[in-house]
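The values are calculated or read from the model by the stated rules, or taken from the named source; none is laboratory data. Here the structure is a predicted model, which means the values were calculated and not measured. Every residue, glycine as well, gets a Cβ built from its backbone with ideal geometry; the counts of neighbours run over all protein chains shown.
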Amino acid sequence: MTEKNNALPILELDNLKVKVGGQEILHGIDCEVKQGETYVLFGPNGSGKTSLVMAIMGAPAWKVTSGKIWFKGKDITKVPMSERARRGIGMLFQRPPTVRGVTTRKMVEIASNRRANPEALASRLQVTSLLDRDINHGFSGGEIKRTEILQLLAQQPAFIMFDEPESGVDLENIVLIGQAMNELLGNETDPQQKRSGLIITHTGHILKYVPADRGYVLLDGKIICSGSPMKVLKQIEENGYERCRKCEK
């Protein structure tokens, strides 16, 4: 893990509890992401990873029943989703919807407030041919991920959440997605200009292409341990997630 002692948190979760459909999914989450760093949230399917990022994003179905969400030092627990996006939170969804009647080009223009050049951005992700098609309609898994990243490049958020970026894509697309994520996070530019990120994964494959500073493990709606992301991943690969429960004791 790369230590940056002077880095302040861009995101802080304080004893966060979240319900979906009346059922509590997250049971008191305490964690942070520091400015300019990328963290990884590991966990098996059904552990609450997507619920956590949806709660951070402010999706209405995910109800915060206790605790606080702090972004850039301000309490955003009750701030609506649209305002969180305006303040600088972006997200790559695991399963984004198909939107008929709205083209990818139009979404890029909206995300950038008409400041971005759609063709220039799309060419970097090899999705120029998708600009004038309805959002995600008939797209492959890799095309969906790349056009989602295209919208994030247009938005230029300060903090980006990537929900299972390697899910449903082949090796070639994982390489392209990894390159795009590095560009978006600023990993290949001035270290002082790096954006903050949170990568959600249960396989860890994306870490072959995107470096990270710290890893958390989420099980049964609780964060049970943290540490160097590659060491945590190695432990999971060798012993499975159940071994991580020893961190609770």
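Residue-by-condition table, conditions (1) farther than 28 Å from G46 by Cβ; (2) not in a loop (DSSP other than H, G, I, E, B); (3) not hydrophobic (A, V, I, L, M, F, W, C):
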{"position": "R146", "(1), (2), (3)": "no, yes, yes"}
{"position": "L150", "(1), (2), (3)": "yes, yes, no"}
{"position": "I160", "(1), (2), (3)": "no, yes, no"}
{"position": "P165", "(1), (2), (3)": "no, no, yes"}
{"position": "G168", "(1), (2), (3)": "no, no, yes"}
{"position": "I174", "(1), (2), (3)": "no, yes, no"}
{"position": "Q179", "(1), (2), (3)": "yes, yes, yes"}
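Report yes if S226 is in a loop (DSSP other than H, G, I, E, B), in contact with a strand residue (DSSP E or B) (Cβ under 9 Å, 6 or more places away or on another chain) and either under 19 Å from S51 (Cβ atoms) or basic (K, R) (or both), otherwise no. Walk me through how you get there before you give the answer.
Working: in a loop (DSSP other than H, G, I, E, B): no; in contact with a strand residue (DSSP E or B) (Cβ under 9 Å, 6 or more places away or on another chain): yes; either under 19 Å from S51 (Cβ atoms) or basic (K, R) (or both): yes.
For S226, the condition - in a loop (DSSP other than H, G, I, E, B), in contact with a strand residue (DSSP E or B) (Cβ under 9 Å, 6 or more places away or on another chain) and either under 19 Å from S51 (Cβ atoms) or basic (K, R) (or both) - is not met.
Given the condition in contact with a Ser or Thr (Cβ under 7 Å, 6 or more places away or on another chain) and of a type in the set (V, I, T), answer yes or no: does some residue in the stretch 62-83 qualify? Yes, the stretch 62-83 has at least one match.
The sole residue among L207, L233 that is over 15 Å from the mean Cα position of the chain (by Cα) and among the aliphatic types (A, V, I, L, M) is L233. Considering the stretch 129-144, the residues that are in a helix (DSSP H, G or I) and surrounded by 17 or more Cβ atoms within 10 Å (Cβ to Cβ) include one that is modelled with the lowest pLDDT, namely G142.
Report yes if G178 is out of contact with any Ser or Thr (no Cβ under 9 Å at 6 or more places or on another chain), closer than 27 Å to I69 by Cβ and surrounded by fewer than 22 Cβ atoms within 10 Å (Cβ to Cβ), otherwise no. Answer is no for this residue. For the stretch 190-249, a tally of residues being among the small types (G, A, S), crowded, with 19+ Cβ neighbours inside 10 Å and either under 21 Å from F159 (Cα atoms) or at pLDDT below 90 (or both) returns 5.
Does L150 satisfy being farther than 19 Å from L198 by Cβ, in contact (Cβ under 8 Å) with a residue 24 or more places away in the chain, surrounded by 15 or more Cβ atoms within 10 Å (Cβ to Cβ) and under 17 Å from the mean Cα position of the chain (by Cα)? It is true that L150 is farther than 19 Å from L198 by Cβ, in contact (Cβ under 8 Å) with a residue 24 or more places away in the chain, surrounded by 15 or more Cβ atoms within 10 Å (Cβ to Cβ) and under 17 Å from the mean Cα position of the chain (by Cα).
Filtering the stretch 229-238 to residues that are over 12 Å from Y39 (Cα atoms) and either without any contact (Cβ under 8 Å) to a residue 60 or more places away in the chain or not in a helix (DSSP H, G or I) (or both) leaves K231, K234, Q235, E237, E238. One residue stands out in the stretch 2-42 among those that are at positive phi and not in a strand (DSSP E or B): the one that is surrounded by the most Cβ atoms within 10 Å (Cβ to Cβ), namely G36.
Answer yes or no as to whether A116 is small (G, A, S), crowded, with 19+ Cβ neighbours inside 10 Å, at negative phi and out of contact with any strand residue (DSSP E or B) (no Cβ under 8 Å at 6 or more places or on another chain). When the stated conditions are applied, A116 passes them.
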